[in-house]
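Accompanying notes for the structure given below.
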Amino acid sequence: KDIYKQQKTVLISSTSTSTDLTNNNADNFFFRVCSNNKISGKEIATYLKDRKYTKIALFHTNGKKFSDSMTVALKGNIQGISIVEESNFEPNGHAIDELKRAQKAGAQAIVLIPDAYTSDAPERDRLLSIIDANNGKLPIIGNEIVNDPTLFTRFTDRQLQKLVISLPWHS
């Protein structure tokens, strides 16, 4: 983005939703065609509130622009909802143990906010392991990164029955 701005060339992003790209002063060089994370975070919060979920487990990626942006947007809109278990998408944890802690703490739903990744990233494996370990018990609500192309070939209908994904756009 900075290179485009420096060269006074317009950049139109069809996929970027990170609010960090547009949270500074007026930017006459960067535009997007999809909504940003502020909107998605608010929609996920609304979904949770509409279903009367008051306790959630949150999995996100600390220190990554997209995930941090989405997490801030979600947390800014979940008044009345407690995060009873908060975990980072690092590959060193065990999903089943973290899910057990969340259930023990009274979590009624899981929210997944991984960072944007490439198909070979360990974060992808972590995301899929959480869905697998949950085995359809708790509802899972996730951002667009959760829309992994292997979901419907890897998991059963039971495992995906309570999965909801917030998508700012669809190809």
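The values are calculated or read from the model by the stated rules, or taken from the named source; none is laboratory data. Just so you know, these numbers come straight off a predicted model, no measurement behind them. Ideal geometry is used to build each Cβ from the backbone, glycine not excepted, and the neighbour counts take in all protein chains shown. Heads up: the accessible areas ignore ligands, DNA and RNA and are worked out on the full protein's heavy atoms, side chains in. Shrake-Rupley method; radii C 1.70, N 1.55, O 1.52, S 1.80 Å.
What single numbered condition from (1) among the hydrophobic types (A, V, I, L, M, F, W, C); (2) surrounded by fewer than 22 Cβ atoms within 10 Å (Cβ to Cβ); (3) over 24 Å from Asn37 (Cβ atoms) fails to hold for Leu99?
(2)
Please go through segment 49-65 and give me each residue that is out of contact with any helix residue (DSSP H, G or I) (no Cβ under 9 Å at 6 or more places or on another chain) and assigned to a helix (DSSP H, G or I), ordered by number.
Passing the criteria: Lys49, Asp50.
Which residues, taken from segment 38-54, are open to solvent by 60 Å² or more (accessible area, probe 1.4 Å) and in contact with a Ser or Thr (Cβ under 6 Å, 6 or more places away or on another chain)?
Lys38, Glu43
Residues to consider are Asp115, Asp125; find the one that is under 17 Å from the mean Cα position of the chain (by Cα), touching a residue at least 40 places away in the same chain (Cβ under 8 Å) and on the phi < 0 side of the Ramachandran plot.
Asp115 is the lone residue from the list that is under 17 Å from the mean Cα position of the chain (by Cα), touching a residue at least 40 places away in the same chain (Cβ under 8 Å) and on the phi < 0 side of the Ramachandran plot.
Restricting segment 55-85 to residues that are of a type in the set (Lys, Arg) and under 16 Å from Ser40 (Cβ atoms), which is surrounded by the most Cβ atoms within 10 Å (Cβ to Cβ)?
Per the criteria, the residue is Lys64.
In segment 133-164, which residues are out of contact with any strand residue (DSSP E or B) (no Cβ under 7 Å at 6 or more places or on another chain), open to solvent by 20 Å² or more (accessible area, probe 1.4 Å), farther than 17 Å from Leu99 by Cα and outside any helix (DSSP H, G or I)?
Correct list: Pro149, Thr150, Thr156, Gln161.
Filtering segment 66-95 down to residues that are part of a loop (DSSP other than H, G, I, E, B) and closer than 18 Å to Ile131 by Cβ, which residue is nearest to the chain's Cα centre (by Cα)?
Going through the qualifying residues, I end up with Phe89.
Note down all Cβ pairs under 6 Å where the first residue falls in segment 139-150 and is modelled with pLDDT of 85 or more, the second is charged (D, E, K, R), and they're at least six residues apart or on different chains.
Qualifying pairs under 6 Å: Pro139/Lys162.
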